[in-house]
1. Report, ordered by the first and then the second residue, all pairs with beta carbons closer than 8 Å, sequence separation of six or more or different chains, a first member in the stretch 103-132 that is over 22 Å from Val78 (Cα atoms) and of a type in the set (Phe, Trp, Tyr), and a second member that is in a helix (DSSP H, G or I) and at pLDDT 95 or above.
2. Kindly evaluate Phe59 against the criterion of being touching a Pro at 6+ places or on another chain (Cβ under 9 Å) and at pLDDT 95 or above.
3. Please identify the pairs in which a residue from the stretch 1-20 that is closer than 18 Å to His82 by Cα has its Cβ atom under 9 Å from the Cβ atom of a residue that is among the charged types (D, E, K, R) and at pLDDT below 95, counting only partners at least 6 apart or on another chain.
4. Can you tell me which residues in the stretch 26-43 are farther than 20 Å from Asp3 by Cα and surrounded by 14 or more Cβ atoms within 10 Å (Cβ to Cβ)?
5. Scan the stretch 82-101 for residues that are within 22 Å of Val28 (Cβ to Cβ) and not in a loop (DSSP other than H, G, I, E, B) and jot them down.
6. Listed residues Ala74, Ala57; which is surrounded by fewer than 16 Cβ atoms within 10 Å (Cβ to Cβ) and in contact with a Phe, Trp or Tyr (Cβ under 6 Å, 6 or more places away or on another chain)?
7. Regarding Leu114, is this residue surrounded by 21 or more Cβ atoms within 10 Å (Cβ to Cβ) and closer than 20 Å to Asp13 by Cβ?
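The values are calculated or read from the model by the stated rules, or taken from the named source; none is laboratory data. Since the model is a prediction, treat every value here as computed from it, not as a measurement. Here the Cβ positions follow ideal geometry from the backbone for every residue, glycine too, while neighbour counts run over all protein chains shown.
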Amino acid sequence: MRDEEWLAKRMNDIWDLLFPDMKRLNNVVVRFKGKWKNKFGHIKRLKNKDTEIAVNAIFKDERIPEYIIDLTLAHELVHYFHGFNSPYEKKYKHPHKGGIVTKELKKRGFGHLLIKEKEFIKNKWWKIYKDQ
């Protein structure tokens, strides 16, 4: 069952396996939130200085492949490491300037999933979204 405990374990596993060189500088909470059409996730800094990673609540649906969730979590973690809504020093002025997130994801081994994500969006996402 995809609940927030499952999601937190998923994020921690990705962090440990694919970002072992990056430290957790504050408390990072992850949760399912919102049902967005054009957004899979976002990251924000909470008033208590924790960082929140929100993943589209539609992703609780078992028709959403786990690799889409993994890629979304990795994408938001890259923002965290680049200093967006985290204690890390901000590396860039804009969070997606020059494809910096995509480049980092490819460097970390997510290149093949970026291709699969495009296929998923084109062939399956819109039907699942409309069903919600």
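1. Between residues of the stretch 103-132 that are over 22 Å from Val78 (Cα atoms) and of a type in the set (Phe, Trp, Tyr) and residues that are in a helix (DSSP H, G or I) and at pLDDT 95 or above, the close pairs are Tyr129/Ile58.
2. It is false that Phe59 is touching a Pro at 6+ places or on another chain (Cβ under 9 Å) and at pLDDT 95 or above.
3. Within 9 Å, the pairs are Leu18/Arg108; Phe19/Arg108.
4. Asn26
5. Within the stretch 82-101, Ile100, Val101 meet the criteria.
6. None of the other options fit; the residue is Ala57.
7. Judged against the criteria, Leu114 is not a match.
Listed here are the residues, each with its yes/no results for (1) assigned to a helix (DSSP H, G or I); (2) among the aromatic types (Phe, Trp, Tyr); (3) touching a Lys or Arg at 6+ places or on another chain (Cβ under 8 Å).
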| position | (1), (2), (3) |
| --- | --- |
| Asp16 | yes, no, no |
| Pro20 | no, no, no |
| Arg31 | no, no, no |
| His42 | no, no, no |
| Ile64 | no, no, no |
| Leu73 | yes, no, yes |
| Lys103 | yes, no, no |
